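The values are calculated or read from the model by the stated rules, or taken from the named source; none is laboratory data. Values in this document were obtained by computation on a predicted structure and should not be read as measured data. For neighbour counting, all protein chains shown are included, and Cβ atoms are generated from backbone atoms with ideal geometry for every residue, glycine included.
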Amino acid sequence: MFLLLASIFSSCQEKKKHIPITLESFADMADPAYHVDADLLSEGLRHEVMADTDRETPDIQTRRHYLDGGPLVWVTLNGVSAKADTLLAYLATVDSIGFSVERFCYSSLRDDLKRARRLDFAPDKHSRNNINKVYARLEYRLTKAFLRYAEGMRFGFVNPYDAFNRLDVRDSTNAYKSYRSLYDVPTKRPDAKFVAEAFRVMSSDGAAVGAFLSASHPENPLYAQFCRRLRQPLSAPERRLVLCNMERSRWRHGDYPQLHKKRVVVNIPSLHLVATDGDEHLSMRIGLGSLKTKTPLLTSRIKRMDFNPQWIIPKSIIKTSVRHNAGNTAYFESHDYFIRQRSTGKVVDPANVTADMLMSTDYLVIQRGGEGNSLGRIIFRFDNDYSIYLHDTSNRNVFSRNNRSVSHGCIRVEKPYDLAVFMLADKNEALMKKIEYSMTVKYGRHRTEDDDLNTPINRRMMLRSLKVEPQVPLFITYYTLYPDANGTLIGYDDIYGYDPVIYQRIQKYM
């Protein structure tokens, strides 16, 4: 119907500045109600941009496109093409995932499309139903709704990096505030390349729009399970629980436990570790980070098992639990701690060490390996930026407690020997005996007079380290609704209080 060639530019700071549009004139159209005026269409778009106070990422991208001179992508020679109907068909389904269609401009778009196709325009240029204002609304809101739906379904409506990595304050001064990093799962986000592709698709035909929106549906295998649960009769708290976990399953990681035959999954709210290898399932209780020192969410691969490890104590623990004992030799001896200067490798007498020296990067406080070591008799190592691991513990009583949020971030495992055997690709009996011996032999300074000190340690049976080959995928996740070994969804306490963080953000779409 009308050929529109748009060139749009302005600044968010200059609210009165005109957004220029040039288009071919249709002077032979006698009825003024059908006359598309470049200035009025430009003014209508400018009004949509400036009236939009939403601050989600897709909304910002929409405003930027039109203010930076981006072309019209929905209004064409024939008015608004049928690809808008394709988009509306997808928008009509958002109520099935717990959201309101009105947060995607559904009614406005539906009514304006009907008006445009009936040519039901008001001749008064000041009327909201003037052809220029109708087309401006359709152009702007179709773009906004498309980006909201495509990005939300493909990447999640909540950015987990923003939600969780600015949650717990680590240090704070008048001029600076730092936060604990709690989320380090590789998660795809809508980058500039994705946005450019989205606008290319919007400029294409209905088939391309439909294919793009279909491909935006979540790839996590859990998502379909949550959708089915949402269709069941639910109380308000149950519905909220499902919606929060649906959002988690929209975050696109590219890697999921279900893609691996052999894997280890730590779901923090369940306070359990589950190791799976085909039909083999090993489950055990765990202890993990406290509310002040939460265990971060991450994915990695278990690559090595170390036996009777020494523990290099993190500076965060030295700051809270060790430095006030500087110079107290009895304290260091009772905890089996020794101090080593990093630059020289020399062991330093605790009596000569100050609190400042303990906090310095040039000094390490180390706990000797063996019985009584806080890491226990075995540690399972995997790459991460937090110096956290799966490990045994010298305090076995923790596993009898219901509240097992007790560590500084590491994960203590109830059945360390069983987990070590699980890691083996070849369940070699001789190797398994060495693992057992290394984890049970009296070793370290805790050998007492009651032990048979005349029986020397069999060094040939002692293991220091074993590579895990092939490496075993590890997923440290946080689902308050998660399937058990039989696939039944089980609800768990939100021990770190993450559900309200998610729910507050997705409420914007309800």
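For this structure, a couple of remarks:
- Output for the range 146-157, where each listed residue is of a type in the set (A, V, I, L, M) and in contact with a Lys or Arg (Cβ under 9 Å, 6 or more places away or on another chain): 153
- Boolean, residue 278 is in the same structural domain as residue 389 (by TED's automatic domain parsing), crowded, with 19+ Cβ neighbours inside 10 Å and small (Gly, Ala, Ser): no
- Any hit, the range 149-159, residues being at pLDDT 95 or above and closer than 30 Å to residue 121 by Cα: yes
- Among the candidates 111, 85, 120, residue that is part of a loop (DSSP other than H, G, I, E, B) and either charged (D, E, K, R) or within 20 Å of residue 206 (Cβ to Cβ) (or both): 120
- Residue check for residue 387: small (Gly, Ala, Ser) and within 32 Å of the chain's Cα centre (by Cα): yes
- Inter-residue pairs, beta-carbon under 6 Å, first without any contact (Cβ under 8 Å) to a residue 24 or more places away in the chain and of a type in the set (Gly, Ala, Ser) and in the range 263-292, second outside any helix (DSSP H, G or I) and surrounded by fewer than 19 Cβ atoms within 10 Å (Cβ to Cβ), 6+ apart: 278/261
- Exactly one residue out of 150, 208, 163 is of a type in the set (A, V, I, L, M, F, W, C), within 16 Å of the chain's Cα centre (by Cα) and surrounded by 14 or more Cβ atoms within 10 Å (Cβ to Cβ): that is 163.
- Residue count for the range 392-414 satisfying the condition of being within 13 Å of residue 273 (Cα to Cα) and touching an Asp or Glu at 6+ places or on another chain (Cβ under 9 Å): 3.
- When residue 320 is tested against (1) touching a residue at least 40 places away in the same chain (Cβ under 8 Å); (2) within 32 Å of the chain's Cα centre (by Cα), exactly one condition is not met: (1).
- Here the condition is being crowded, with 20+ Cβ neighbours inside 10 Å and either in the same structural domain as residue 90 (by TED's automatic domain parsing) or in a loop (DSSP other than H, G, I, E, B) (or both); of 233, 218, 269, it holds for 218 alone.
- Figure legend. Inter-residue proximity from the range 170-185: first residues farther than 20 Å from residue 478 by Cβ, second residues among the basic types (Lys, Arg) and modelled with pLDDT under 90, beta-carbon distance below 8 Å, spacing 6+ or different chains. Indicated pairs: 171/177; 178/170.
- Scope the range 123-163; condition in the same structural domain as residue 65 (by TED's automatic domain parsing), in contact (Cβ under 8 Å) with a residue 12 or more places away in the chain and part of a loop (DSSP other than H, G, I, E, B); matching residues: 123, 125, 129, 130
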